[in-house]
Amino acid sequence: MNRPGTYTDAGQAFPIYITVVAGLLFLALAYLAVGQATVNRSGAQTAADAAALAAAQNERDQLTAQWINVVPDPTKWQDIFEGKVPFDDPCWRARQLAAQNDAQLNTCFPPHLLKYRVDVQTNKSVGRSVVPGSEDFKAKASATAEIDPLCTFKLPEEGATGDELPDLTCRDKVWHLKPDDSAGLPKPEDLFDVHLADS
């Protein structure tokens, strides 16, 4: 036999149950929106890193090509290793890599010699969610890449004669250069290191 008030208590508990479930559902959807935003932000950072590295690697390759052209004249080497020579703007490569990572390049510039900073924005937004405005939110990220010259050399003393080129020491390897041996010249990665740096 049911006691008086049993159905009344159950009826009062039901709205509370609905409210709790609705609250939990809202929290779950909010966490999902945060997760989507995190994924979007991660994608933006990946695109920025790739774009910055692409620009720096393109400059490295251009500097290497210039160095190969002037190998017979060691007096021109240092300016090339320090990036103090004209070359084509490598930011087109940054734009390509950003696009390949579903983002657009907003800015690309060298804050210093042998360094590139890029800013990108994802093409896709977070999408509709319980968070107002998320459908218009596009993640942004920045990255900076540096080009570090790896080689040192000593120019012949003024007045010295001879056609031999100075040895080029790159990290732990010594290159005995011969102008007529292009196959034996260092590669871009032997001359320069490209890596991400703090923005």
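The values are calculated or read from the model by the stated rules, or taken from the named source; none is laboratory data. Bear in mind the structure is a predicted one, so any value in this text is a computation, not a measurement. Here the Cβ is made from the backbone with ideal geometry for all residues, glycine too, and neighbour counts use every protein chain on show.
Just so you know, in segment 142-199 the residues that are of a type in the set (Lys, Arg) and in a loop (DSSP other than H, G, I, E, B) include one that is nearest to Thr122 (Cα to Cα), and it is Lys187. Among the residues of segment 46-97, those identified as of a type in the set (Lys, Arg) and either assigned to a loop (DSSP other than H, G, I, E, B) or in contact (Cβ under 8 Å) with a residue 24 or more places away in the chain (or both) are Arg60, Lys84, Arg93, Arg95. For the structure I just gave you, tell me whether Lys76 is more than 16 Å from Ala52 (Cα to Cα) and modelled with pLDDT of 95 or more. Yes: the conditions hold for Lys76. Considering every residue within segment 36-55, establish whether at least one is of a type outside the set (Lys, Arg), modelled with pLDDT of 90 or more, in contact with a Pro (Cβ under 9 Å, 6 or more places away or on another chain) and buried (at least 19 other Cβ atoms within 10 Å of the Cβ). So far as segment 36-55 goes, yes, one or more of its residues are of a type outside the set (Lys, Arg), modelled with pLDDT of 90 or more, in contact with a Pro (Cβ under 9 Å, 6 or more places away or on another chain) and buried (at least 19 other Cβ atoms within 10 Å of the Cβ).
Just the residues that are under 30 Å from Arg117 (Cα atoms) and aromatic (Phe, Trp, Tyr), please, taken from segment 174-199. Within segment 174-199, Phe192 is the sole residue that qualifies. Does segment 111-130 contain at least one residue that is surrounded by 13 or more Cβ atoms within 10 Å (Cβ to Cβ), modelled with pLDDT of 90 or more and more than 16 Å from the chain's Cα centre (by Cα)? Yes; the residues of segment 111-130 include at least one that is surrounded by 13 or more Cβ atoms within 10 Å (Cβ to Cβ), modelled with pLDDT of 90 or more and more than 16 Å from the chain's Cα centre (by Cα).
Here Asp163 fulfils each of the conditions (1) of a type in the set (D, E, K, R); (2) at pLDDT below 95; (3) within 25 Å of the chain's Cα centre (by Cα) apart from (3). When segment 131-153 is limited to residues that are among the hydroxyl-bearing types (Ser, Thr, Tyr) and at pLDDT 95 or above, the one that is farthest from Gly83 (Cα to Cα) turns out to be Ser142.
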